Each structure stands twice: as C-alpha cells, then as structure tokens.
Amino acid sequence: MLRRLSIVLFAFVFAAPSFAQEARTIDQLDGTFSFAKYQGALSVHYSHLWKIGKSKKLALGVGGRITSYLGANQYYITAPAKITSGSSSPFVIFKENIDENIDSLLIQSPQVTMINVSINIEYQITSKFTAGFNIDAIGFSFGGEQSANYINGFTGKITDARPTAFNALLISDNDHGSLNSELFVKFKLNSKWSVRTGAQFLFTEYTTETDVQQYPEPNDRFRRKSLLFGLGVNYQLQ
Amino acid sequence: MKTLICILLLSLVIACNPEDATPITPTNPSDIDFTNAVAVKEGMFVGIGGHTASGTAILYELSGKKYIVFDPYSSQNGPDLKVYLSKDEKATEYIRVGKLMAVTGRQVYEIPGNPDLSQYPFVHVWCEKFSVEFARAPLM
C-alpha cells in the first residue's frame, strides 16, 4: 500500500512545480525519535512543499532526510525480489514470498546511517492538525562492519556485513538499500512549532562480505523491515 | 511534555522484557541406549570469554543416525543458548544442532542432515541472539 502511494506521490511531486507558481510554499524541519523492541532511529528531515488546490490544504514536495538506525540482535532476511518472489518485474508487488528461498542474517549491533532525498505529501485537516506521508527515494548509506550470523535452516555461517551503500526506492522487494518512510499527524503549538507522532516504516539493508546464500542463487543482500513508533517536533522555517 | 516522556519511558520498560533462560535440568531426558553405539569423537568442554563450563561431548552413530551426547554437562545460564557443531574454532561454518536443553545434566541431541562428522571437529554452546560463545569442546 505504501509503495503504491509512493508511486502516485512521485508522479505528483515532479508535476508540482508547474502548480507552484501561484501557490504558497512550506519550508520545514522535522526531528523524530522512533522506536520498537530493541531498535530505534533518530531522523532529521528538511522538506520544501508547494501548497496546491483552491483551498491550499494539500501540499506536495521534496526534501532530504538523515536517519540513523540502531538495533540490538536483529534478524535480517534475503532482500532481492528475484529470490524472495521469483521475479524482479514491476508486478512483483502482487506475488507471494517463496518461503524456502528466504534465509536469515542475525546482526548483533546493526547501525546504519542513511542520507536520502524524500518525497512528501501533507494535508491540513484543521487549523491545528495536519496529516502526511513521506518516503525516501534515493540516496546512500554508511556504517561500520558488523559480525553477522547467516542462518539457513539447520546450517549457518559466521560472517561480516556492511550497510548496502546505494539506496533506491523501486517496487516492493526490488527496493535497494536503506529507506525510511513515515505516516504522521502533527499538532500546531504556535506559528513556528508543532509536535508530531506517527509510524515510521524503515528498511535497512546489509551486504555480506561473500555470497553466503547459495540457493536458489548466490546472494549477499539482506533486509530488515522495521515498524517504529515515532515522536517528534516540527519547525516551520517559512 | 511530561505525559509524552512518561509514555516514552513506559514503552521502553515494556519493550525490555528479559529473555527466557535455559532450564537447569533437561525437561525430557532421552532414553536412547548408547551401550552398543559407536563413539566417533569425544572432547571436553571449556568456558569461553569468561563463562564457566565443564563436561564431555561425545559424537555417536547409532542405527544410521548421528548424535551428540553431553554427559556430564554444566555451564552458566544465558539467553537463547544453542548447540552448534562446526568446522572450525570460530564456527564460521556450522550445523545448528538445536536449543541447549539444560545448563546441567546429561542431554542427547540428534544431528540433522546426516553430515560427515569428520568435517566437524568442534561443539559449541552459543548464545545465538547475542552472538556470544559460552562453551566449546574440541573433538578428537
């Protein structure tokens, strides 16, 4: 669902400047702390949005986000769609996972920092409340090498892994690298400050030093999809 | 703001439940008789990384199946303890034999996958979730 919404959003964002000539803009900075069991993330997000439509309640835009993810003893699973679903076509979103193709990588202290370009949509519900969605589209990640335990049924290997360097939003498991997305509501405190809460759906990805997975084909990429509860603040720059 | 901080702290406390520990003695002791079984290899457990452990690991073949028997065995407790049979000291390639049944007492594990036991000269007790080795028995 989030992926489909992001495709629509992506199309809108690139059309937005043509609407924007007569529209007002929003420049804002968000800081969010999000967490779930044994994992958390801190993100700082700048976004520039164009208000569109007659009522100017809908806004679309682009931004940039830094997210730093930290976890303890987290399981990652086989990442490439070609292996998880047997296909890398755009229609992979409609395919079921092939369970026997999916192996695990247990990472003791995953730590990934990602810098990504984001696409954003917001809707002003009332004068105080605004709801929105944003998703990372492209960027890069970095982080230290970690010891990892590759588990395939009753066999395994101890290996090293690093965050996958290049990030790109594609479709479903065709995504590459580490990407954050967020569904949020914010409450306006005054003309500059708001508080915000919502859910972050964060993908982090590690690449092992060798192709530890061999069936059904060699693979070194493993992904974790984390659903995190987020709390944060928003500051209006203009 | 105080309410937000309270909610945050409460969530963290709820999220940090302790892991289930391994039983002290085996809950379902095996009744397999190894009197006529072939002992393939044997080794003594030593504690690793400051953990205490002692006992003996013996690999057996019996009626086409392969087993590891800990008899006797004793080690420190910990979360998510697993028994690995590996090709080297660092367990870079291993067979996951199963969850450690208990931290004391005789215990029997059937080895999955019918491996060539000559390729696996180490038994490890490994805290899988935290990637910490508790005990190791080099087999000869």
Can you give me the pair-distance distribution of the stretch A:22-172, C-alpha pairs, 5 Å bins, whole percents? 2, 8, 13, 15, 16, 16, 12, 8, 5, 3, 1, 1, 0
Starting from 0 in steps of 10 Å, tell me what percent of the Cα-Cα pairs of the stretch A:173-238 lands in each bin. 18, 32, 22, 16, 9, 3
Can you give the Rg/Rh ratio of the stretch A:84-192, where Rg is from the C-alpha atoms and Rh is the Kirkwood radius? 1.10
Which semi-axes, in whole Å and largest first, does the equivalent ellipsoid of the stretch B:68-112 have when worked out from the alpha carbon gyration tensor as the square roots of 5 times its eigenvalues? 18, 13, 10
Taking a 26 Å limit on the Cα-Cα distance, which of the listed pairs B:LYS65/B:LYS129; A:LYS56/A:LYS186; A:LYS54/A:LYS128; A:LYS82/B:LYS87 fall beyond it? B:LYS65/B:LYS129; A:LYS82/B:LYS87
Along the charge dipole of chain B, which of B:MET140, B:ASN77, B:VAL125 sits closest to the positive end, that is, farthest toward it, with unit charges on the beta carbon of Lys, Arg, Asp and Glu (+1, +1, -1, -1)? B:ASN77
Pop out the ³J(HN,Hα) list for the stretch A:100-107 in order, Karplus 6.51 cos²θ - 1.76 cosθ + 1.60 with θ = phi - 60°, rounded to Hz; leave Gly and Pro as x. 5, 8, 9, 10, 10, 10, 8, 10
Please report the relative contact order for chain A, taking Cα pairs under 8 Å with a sequence separation of at least 6, and give it as a percent rounded to a whole number. 20
Taking all protein chains together and a probe of 1.4 Å, list B:TRP126, A:TRP193 from the most accessible to the least accessible. A:TRP193, B:TRP126
SASA check, A:ILE93, accessible area w/ 1.4 Å probe, all protein chains in place, rounded to nearest 10 Å², comes out at 50
One finds, for A:SER89 and A:GLU209 with R0 = 35 angstrom and r their Cβ-Cβ distance, a FRET efficiency to the nearest 0.05 of 0.75
Using 7 Å Cα-to-Cβ label points, what is the A:ILE66/A:LEU42 separation (nm, one decimal)? 1.0
Inside 10 Å of the C-beta atoms of A:224-231, what's the mean count of C-beta atoms belonging to other chains? 1
Give me the log10 of I(q) over I(0) for the protein assembly as shown at q = 0.14 Å⁻¹, as the Debye formula computes it from C-alpha points; what are the numbers? -1.13
Using protein chains only and a probe of 1.4 angstrom, how many square angstrom of A:ARG223 are accessible, to the nearest 10? 10
Phi angles of the stretch B:128-137, converted by Karplus (6.51 cos²θ - 1.76 cosθ + 1.60, θ = phi - 60°) into ³J(HN,Hα) in whole Hz with x for Gly and Pro, give 5, 5, 9, 6, 10, 7, 9, 8, 9, 10
Using only the Cα atoms of the stretch B:87-140, what semi-axes does the equivalent ellipsoid have when each is the square root of 5 times a gyration tensor eigenvalue? Give whole Å, largest first. 17, 15, 11
Per-residue accessible area, 1.4 Å probe, largest first, puts A:MET114, B:MET140 in the order B:MET140, A:MET114
Could you sort B:LEU85, A:LEU42, A:LEU29 by accessible area so the largest value comes first, with the probe set to 1.4 Å? A:LEU42, A:LEU29, B:LEU85
Most to least packed among A:131-144, A:175-188 [average Cβ atoms within 10 Å]: A:175-188, A:131-144
Buried accessible area between B and A, both sides, 1.4 Å probe, in Å² rounded to 100, is 1900
Based on the Cβ-Cβ distance of B:SER30 and B:PHE130, what FRET efficiency does E = 1/(1 + (r/R0)^6) give at R0 = 35 Å, to the nearest 0.05? 0.80
So, R0 is 25 Å and r is the distance between the beta-carbons of B:GLU89 and B:GLU110; what FRET efficiency does that work out to, to 0.05? 0.55
The farthest towards the positive end of the charge dipole of the stretch A:142-194, of the residues A:SER181, A:ALA165, A:GLN146, given +1 on Cβ of Lys and Arg and -1 on Cβ of Asp and Glu, is A:SER181
Hey, can you find the accessible area per residue of chain A for me, probe 1.4 Å, expressed in square angstrom? 45
Cα-based helix-to-principal-axis angle, A:2-20 vs chain A, degrees rounded to 10: 40
Can you pull the mean other chain C-beta count within 10 Å for peptide A:150-156? 6
State, to one decimal in nm², a quarter of the convex hull surface area for the C-alpha atoms of the stretch B:35-140, i.e. the direction-averaged projected area. 6.0
Vicinal HN-Hα couplings computed from phi for the stretch A:73-78 (Karplus, 6.51 cos²θ - 1.76 cosθ + 1.60; Hz; Gly/Pro x): 6, 10, 8, 9, 10, 3
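The values are calculated or read from the model by the stated rules, or taken from the named source; none is laboratory data. Small disclaimer: the values here were computed from a predicted structure and weren't measured. Positions of Cβ are generated from backbone atoms using ideal geometry, with glycine treated the same way; all protein chains shown enter the neighbour counts. Only protein heavy atoms, including side chains, enter the accessible area calculation; ligands, DNA and RNA are left aside. Shrake-Rupley method; radii C 1.70, N 1.55, O 1.52, S 1.80 Å.
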